[in-house]
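All of the numbers you see were taken from the coordinates with simple rules; none came from a lab. If you're wondering where the values come from, they're calculated on a predicted model, not measured in any experiment. Cβ atoms come from the backbone with ideal geometry, glycine included; neighbour counts cover every protein chain shown.
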Amino acid sequence: MGTALLALQFVACAALIGRAGFVLSDSADRIARARGLTAGWVGVALLATVTSLPELASGVSAVTTVDAPNLAVGNALGACAFNLAFLVVVDGLQRRDAIYPRANAAHLVSAAFGVVMLGLVALSLLMAERAPALLHVGFYSPVLLAGYLVALRSVHRHERALALAAPQSGATGAPLAREWRRFALAAAVVLAAGSWLPTVADGLARAAGWNRSFVGTLFMAIATTLPEMAVTLAALRLGALDMAMGNLLGSNLFNVVVLAVDDLFYVRGPLLADVVPAHAGTAVTAMVMTGLVMIGLALRPQGRVLRAFSWISVGLAAIWLLNAALMFLHGGD
């Protein structure tokens, strides 16, 4: 397939995701108000699951059809790092003040669970074949799945305890039913277009002769996180900063669980034991970046570098660029 046609398909998928992302955010905001749900919870549990489905589809395809475990692991971990790097864009778009003083501190819970789960992935990558396994599945897979479920429950209970949003009354069944239909239709568009993106991205990247670890960590990660970017920007347009941050942090939790699903489909043995150790660097990078976000949520820095970004954002950008360079130089196929 020609490069021009691949590029045209990429643009078409991105356009569909962008429009569907706005509908997703708008419907999710209306549903949250009608059900008395917090914007952060909707971002973590509802939007994050939908926008991360392309990572799930591409990961399963990579380990079953393409037989490229490095592509699958690089995509999932690279998406985690890129989601955090996208907070730099979110910060830059908020021209009046930094995002961290305005964001709810409840995001610390989902961020902390993200650090724990990414730490388990990094440890499993470093242990490689020495890590315990059950049949062809690594011990980390059921632990990651259990951690995700506990994280969702903990975030929900924590936000309810802090009463971050008051329940809305007066919602009727018909309008809410219509919003759910709008949400489902937009989710289907995101899933279809987002699932096709990795194929297009991989074709474009192979034309450039890049290794699969780098392609997964950077190129495919950016492609499959287009839904997260679209939904985040749409949430910002609606003034829902907490929904935007919840979507990005919740997507990271789901992306780590994607590795457990990929491991189940990868029948040659534990997935993380059959990839290059350089992926541990991406996992640690995502951990450090999440730690910076937690510092921002705790300290709520007001200052701006060059009147454009928080110093947290400068650190996030620097760490992400360093990891991208390391994967380009030392990644494998």
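Highest mean first, what order results for 47-54, 306-313 on Cβ atoms within 10 Å?
Values: 47-54: 26.5, 306-313: 17.0.
Result, highest mean Cβ count within 10 Å first: 47-54, 306-313.
Percent relative contact order of the chain, based on C-alpha pairs within less than 8 angstrom and at least six residues apart?
Details: 574 pairs, mean separation 138.8, N = 333.
Relative contact order comes out at 42 percent.
Send over the semi-axes of the chain's equivalent ellipsoid, whole angstrom and largest first, taken as the square roots of 5 times the C-alpha gyration tensor eigenvalues. List each step's numbers first, then the result.
Values: eigenvalues 178, 98, 87 Å².
Over the Cα atoms of the chain, the semi-axes work out to 30, 22, 21 Å.
Return M127, M243, M289 ranked ascending by Cβ neighbour count within 10 Å, so the fewest neighbours appear first. Walk me through the intermediate numbers first.
On the way: M127 17, M243 27, M289 30.
So the residues, fewest neighbours to most, are M127, M243, M289.
Where the eigenvalues come from the Cα gyration tensor of region 221-297, what are the semi-axes √(5λ) of the equivalent ellipsoid, largest first, in whole Å?
On the way: eigenvalues 161, 51, 19 Å².
Computed over region 221-297, the values are 28, 16, 10 Å.
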